[in-house]
Amino acid sequence: GKKIEWHVGTAGGTNLMGIASAMSAFTHRFSAFYTNPKSKYPELADTPGELVIELPMFANLGPAFKSLTSKPRSLKIMRFIARDGPVTVDAITKMLNGSPQNTSKGMMPLKSNALITESAMGHWVTTTFGRTVLAQIEPAE
């Protein structure tokens, strides 16, 4: 059988329709896309596919939120990286007072959901997306 790939999009309409599309994509983990207006990019009028951009944040938001709210070890690592980053894996392992395997298991959902990223120097830092999700869970006072 063929694999069906679901996508969410809105053609025309109001901003509320765009928000509803994004929330549907978030809820069902569908890909969400935005189409730049042809009138603002006339040089792309002959290649409409170039006007379409994917919004991966909506596919990652639900799983990212879940990884921080249902996995205490991952949340502890995320808080540590956000507060003290950039940090090494060894520093994270020491903070957890655990094993490298324990650290790796706690970091895996953070990496796969684009909450943290490794710098060129091999240190871990939070992504802008990661800081945004963390701020939703733990708003600043």
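The values are calculated or read from the model by the stated rules, or taken from the named source; none is laboratory data. Remember, predicted model here, so these are calculated numbers, not experimental data. No Cβ is skipped: glycine too gets one built from the backbone with ideal geometry, and neighbour counts run over all protein chains shown. Side chains included, ligands, DNA and RNA excluded: accessible areas come from the protein's heavy atoms. Shrake-Rupley method; radii C 1.70, N 1.55, O 1.52, S 1.80 Å.
Is it true that some residue in segment 100-114 is under 15 Å from the mean Cα position of the chain (by Cα), over 23 Å from Phe30 (Cα atoms) and either at pLDDT 95 or above or open to solvent by less than 40 Å² (accessible area, probe 1.4 Å) (or both)?
Yes, segment 100-114 contains a residue that is under 15 Å from the mean Cα position of the chain (by Cα), over 23 Å from Phe30 (Cα atoms) and either at pLDDT 95 or above or open to solvent by less than 40 Å² (accessible area, probe 1.4 Å) (or both).
In segment 75-117, how many are part of a strand (DSSP E or B) and within 17 Å of Ala64 (Cβ to Cβ)?
Total meeting the criteria: 2.
Restricting to segment 1-20, name every residue that is among the hydrophobic types (A, V, I, L, M, F, W, C) and either at pLDDT 70 or above or over 17 Å from Pro37 (Cα atoms) (or both).
Ile4, Trp6, Val8, Leu16, Met17, Ile19, Ala20
Can you tell me which residue within segment 118-128, out of those that are more than 22 Å from Ser70 (Cβ to Cβ) and part of a strand (DSSP E or B), is most open to solvent (accessible area, probe 1.4 Å)?
Glu118
Can you name the condition, by its number, that Leu44 falls short on among (1) surrounded by 13 or more Cβ atoms within 10 Å (Cβ to Cβ); (2) under 24 Å from Thr127 (Cβ atoms)?
(2)
Are there any pairs, at least 6 apart or on different chains, whose C-beta atoms fall under 7 Å, with the first in segment 14-30 and more than 16 Å from Lys66 (Cβ to Cβ) and the second exposed (fewer than 13 other Cβ atoms within 10 Å of the Cβ) and at pLDDT below 75, and if so, which?
Phe30/Trp6; Phe30/His7
Consider Glu43 carefully, then state whether it is over 18 Å from Arg131 (Cα atoms), more than 22 Å from the chain's Cα centre (by Cα) and either outside any helix (DSSP H, G or I) or at pLDDT 85 or above (or both).
Yes; evaluated as a whole, the condition is true for this residue.
For segment 47-98, how many residues meet the condition of being within 18 Å of the chain's Cα centre (by Cα), small (Gly, Ala, Ser) and open to solvent by 30 Å² or more (accessible area, probe 1.4 Å)?
Result for segment 47-98: 2.
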